[in-house]
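These notes are about the structure you will find just below.
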Amino acid sequence: MEKEFIDSIEAFVADSVKIPDQKVALVTSGGTCVPLEKHAVRYLENFSTGRRGALSVEQFLTRGYKVIFLYRDGSCFPYLTQMKNNQEKFLKNLIVGRNGRTTIDDHNFTKLIEEYKKHESSLLALKFMTLQEYLRKLRLVCLALQPLHKRAAVYLAAAVSDFYVPDDKLPLHKIQSSESLALTLERTPKMLGHVAQQWAFNAFVVSFKLETDENILISKCRLALSNYGHQVVVGNLLETRYNNVIIVTSSSVVNVNATSENIEIKLISQLYLMHEQFMTS
Ligand code: 9Z3
């Protein structure tokens with residue numbers, strides 16, 4: 001299982017290394033879950049629909065990147081996200097022809113399907129569910145990207161739990177509801193330092209900072225940069241995350257505001273330029 005997983009990533013990267021100037025982005029997306037029991041009935045979830053990650057993947061693909069998409073099982077998927085929001089319309093527009101083949105009578109859906117088909121071979125999608133699974137797979141993908149050097153970008157949009165229950169402290173069976181429950185959670189080891197300084201030390205690393213208090217957003221982004229020494233932190237507030245983000249580097253803060261289009265279009269075009277600069281530095 002582990003070997004198959006590593007083989008698939010290494011083959012994807014090896015193909016990319018051979019193509020001159022080919023860039024590869026690892027996009028993480030969706031929220032982790034932390035089991036509270038070994039035979040788990042209950043979980044601690046981090047909120048994330050995966051929309052940011054899925055739409056960002058589309059933008060990286062449009063700009064010629066190959067993409068490894070490490071996403072929470074069941075969260076948004078590139079190209080499907082926009083269909084999912086219109087599921088009824090999608091089904092109503094399906095037409096079964098005389099030859100038994102199904103087509104869709106809607107220009108927007110057809111375009112999305114065509115886009116997906118065009119980029120399918122440049123996309124490697126990998127799923128996670130728990131925090132442990134996410135961290136294990138993140139490490140393996142980052143290590144596999146190393147041969148690409150500066151041509152690799154790591155874009156950490158997943159919402160990762162800061163707390164977890166270690167395996168040896170998990171009750172085996174379902175916690176009984178006969179009494180109240182007191183939980184002791186341990187702090188998740190900070191993985192960003194590992195990503196930036198070891199696993200993907202030679203890549204262009206973009207992390208995300210999610211806050212709900214506007215007053216601390218910029219300082220928290222700056223703190224993450226100085227703690228981990230990576231290239232970019234994208235800051236966003238939960239309520240306004242699709243309208244405004246800030247792109248923070250060691251020398252600048254750039255505000256990005258959405259127009260009528262998805263904010264990911266502007267965000268990824270800025271990051272594209274920064275990655276280009278990073279590669280020539
Ligand atoms: C983000 O900040 C993403 O932009 C969102 C996107 C999760 C808010 P959606 O998936 O939302 O479109 O619904 N991701 C990072 C969240 C996070 O957990 N960041 C950690 C932190 O802020 C650092 S890794 O401390």
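Observations
- Spans of helices (runs of 4 or more DSSP H) in region 60-142 with at least 2 residues exposed (fewer than 12 other Cβ atoms within 10 Å of the Cβ): 87-92, 107-119
- Within region 186-221, being over 19 Å from the mean Cα position of the chain (by Cα) and assigned to a strand (DSSP E or B) holds for E186, R187.
- V205 touching a strand residue (DSSP E or B) at 6+ places or on another chain (Cβ under 9 Å) and under 14 Å from M274 (Cβ atoms): yes
- Matching option when the condition is surrounded by fewer than 18 Cβ atoms within 10 Å (Cβ to Cβ), over 28 Å from L140 (Cα atoms), charged (D, E, K, R) and free of Cβ contacts under 8 Å to residues at least 40 places away in the same chain, among E261, E276: E261
- Matching entry among V41, V27 (being touching a residue at least 40 places away in the same chain (Cβ under 8 Å), among the aliphatic types (A, V, I, L, M) and surrounded by fewer than 15 Cβ atoms within 10 Å (Cβ to Cβ)): V41
- With respect to the stated conditions, A54 is of a type in the set (A, V, I, L, M) and either in a helix (DSSP H, G or I) or within 17 Å of the chain's Cα centre (by Cα) (or both).
- Some residue of region 254-264 being in a loop (DSSP other than H, G, I, E, B) and on the phi > 0 side of the Ramachandran plot: no
- Checking each residue in region 9-52 for being among the basic types (K, R) and more than 16 Å from the ligand (Cβ to nearest atom) picks out K18, K23, K38, R42.
- When every residue of region 82-93 is checked against the conditions, at least one turns out to be of a type outside the set (K, R) and within 14 Å of the ligand (Cβ to nearest atom).
Coordinate-derived values only; no laboratory data. Since we're looking at a predicted model, the values are computed, not measured. Counting neighbours? That spans all protein chains shown, and the Cβs are built from the backbone with ideal geometry, glycine included.
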